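J.: Below you will find the structure I want to go over with you.
The values are calculated or read from the model by the stated rules, or taken from the named source; none is laboratory data. No experiment lies behind these values; they were computed from the predicted model shown. Neighbour counts run over all protein chains shown; Cβ positions are idealised from the backbone, glycine included.
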Amino acid sequence: MSDAKEALILGIESSCDETAASVVRSGREVLSNVIYSQIDTHTIYGGVVPEIASRKHIEVIVQVVKKALADAGMTAEDMDAVAVTYGPGLVGPLLVGVSYAKAYAYGIGRPLIGVHHIEGHIAANYIENKELEPPFMCLVVSGGHTHLVNVLGYGEYEILGRTMDDAAGEAYDKVARAIGLGYPGGPKIDEAAHSGDPEAIAFPRAHVEGEEYDFSFSGLKSSVLNYLNSLEMKGETAVTADVAASFQAAVVDVLVGNTMLAAERHGTKKLAIAGGVASNSALRAAMEQACADRGIEFYRPSPKLCTDNGAMIAGAAYHKYLRGDFAPLSLNAVPNLPLPSVKQN
């Protein structure tokens, strides 16, 4: 086993449709990062089918973990701990990862560390930006989550805002289906938007009354569907690129606007983004410009670390390892696991 500060942690992630494993040293040095994506499997269905995802995780998880160790030039016995996402996410896929990690940790006689999926996304920024330390603000945007979080310390969070209905990524997927782009919606809308006019259609920018840091994308999604239906009734055809660009502009405006409002009121000096939607080119560019205008240091992971991956789980687990915050072998999947917060908006 390594010195505590040099700890080698095997991170396992299976909360949705990526089976991922990674070996990370000291919480920030990635020695391997293996991701098996199921996108091709689920594209025909227009979204993730949980039962199919679960079965595919079972088929590949052994080989994914073996490859992560091989790529790192390590053996199981070299690991100091085994970390795994235990929520939130799809219960079937989560159970595959949790069950495997428990058995693996027991088999090699190493501690088990349960990691919150959103905490993992936040920790991706530590891997990409080794100088980054709390406190900072982080906007987490993915297919299932939209959270605005004050990171007060390692494992210490203050939730400032969250989505009241659809997450940003969920809205992307639904709108992409409606305009015929298919799954996954995020990258396909981002690509289509490059050739569209973001001002072509005046889609709404929703704000939640009395909860100014919260988000709502359900109304925007409905507005897009109503627009498409109105064109169909008139026998007209939508310009896909314009719809994509106008929809994306509305999402980005709200994400950046709420985040900047919170950053200004909290005196934020460092701001990060994380999650699958954090790889969106329009969001990255708009957030970078907004931070530059306000003298805020801006951090974002590379696209590979924005998607679900084992490295972020191992990175988040590192400080739990240092604190001796280990999970019992009775650890179970918790599909609606809340992010632990010292204060919630």
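J.: Residues in region 255-274: is at least one over 25 Å from LYS188 (Cβ atoms), among the hydroxyl-bearing types (Ser, Thr, Tyr) and more than 20 Å from the chain's Cα centre (by Cα)?
T.: yes
J.: Among the strands (runs of 3 or more DSSP E) confined wholly to region 51-142, which include 1 or more residues that are within 14 Å of GLY310 (Cβ to Cβ)?
T.: The strands (runs of 3 or more DSSP E) meeting that bar are 81-87, 112-116.
Here's the yes/no breakdown for (1) outside the structural domain of THR85 (by TED's automatic domain parsing); (2) in contact (Cβ under 8 Å) with a residue 24 or more places away in the chain; (3) buried (at least 24 other Cβ atoms within 10 Å of the Cβ):
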| residue | (1), (2), (3) |
| --- | --- |
| GLY97 | no, yes, yes |
| ARG110 | no, yes, no |
| GLY120 | no, yes, yes |
| SER142 | yes, yes, yes |
| HIS145 | yes, yes, no |
| ASN150 | yes, yes, no |
| GLU156 | yes, yes, no |
| ALA167 | yes, yes, no |
| GLU170 | yes, yes, no |
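J.: With the requirement that a residue be over 15 Å from GLY120 (Cβ atoms) and part of a loop (DSSP other than H, G, I, E, B), what does region 296-324 give you? Spell out the reasoning first.
T.: Here is the first cut: in region 296-324, the ones over 15 Å from GLY120 (Cβ atoms) are 296-300, 302-303, 322-324.
The answer is ILE296, ARG300, SER302, GLY324.
J.: Residue check: is VAL175 touching a residue at least 24 places away in the same chain (Cβ under 8 Å), in contact with a Phe, Trp or Tyr (Cβ under 8 Å, 6 or more places away or on another chain) and surrounded by 24 or more Cβ atoms within 10 Å (Cβ to Cβ)? Before the answer, list the steps.
T.: Working: touching a residue at least 24 places away in the same chain (Cβ under 8 Å): yes; in contact with a Phe, Trp or Tyr (Cβ under 8 Å, 6 or more places away or on another chain): yes; surrounded by 24 or more Cβ atoms within 10 Å (Cβ to Cβ): yes.
Against the criterion (touching a residue at least 24 places away in the same chain (Cβ under 8 Å), in contact with a Phe, Trp or Tyr (Cβ under 8 Å, 6 or more places away or on another chain) and surrounded by 24 or more Cβ atoms within 10 Å (Cβ to Cβ)), VAL175 qualifies.
J.: May I ask you to verify whether LYS56 is crowded, with 19+ Cβ neighbours inside 10 Å, under 19 Å from TYR318 (Cα atoms), assigned by TED's automatic domain parsing to the domain that holds GLY310 and at pLDDT 95 or above?
T.: No; evaluated as a whole, the condition is false for this residue.
J.: With the structure loaded, tell me whether ALA274 is crowded, with 22+ Cβ neighbours inside 10 Å, among the aliphatic types (A, V, I, L, M) and closer than 26 Å to LEU8 by Cβ or whether it fails that test.
T.: Values: crowded, with 22+ Cβ neighbours inside 10 Å: yes; among the aliphatic types (A, V, I, L, M): yes; closer than 26 Å to LEU8 by Cβ: yes.
In short, yes.
J.: Something else: Which condition number does LEU339 fail, the rest of (1) under 21 Å from the mean Cα position of the chain (by Cα); (2) assigned to a helix (DSSP H, G or I); (3) surrounded by 18 or more Cβ atoms within 10 Å (Cβ to Cβ) being met?
T.: (2)
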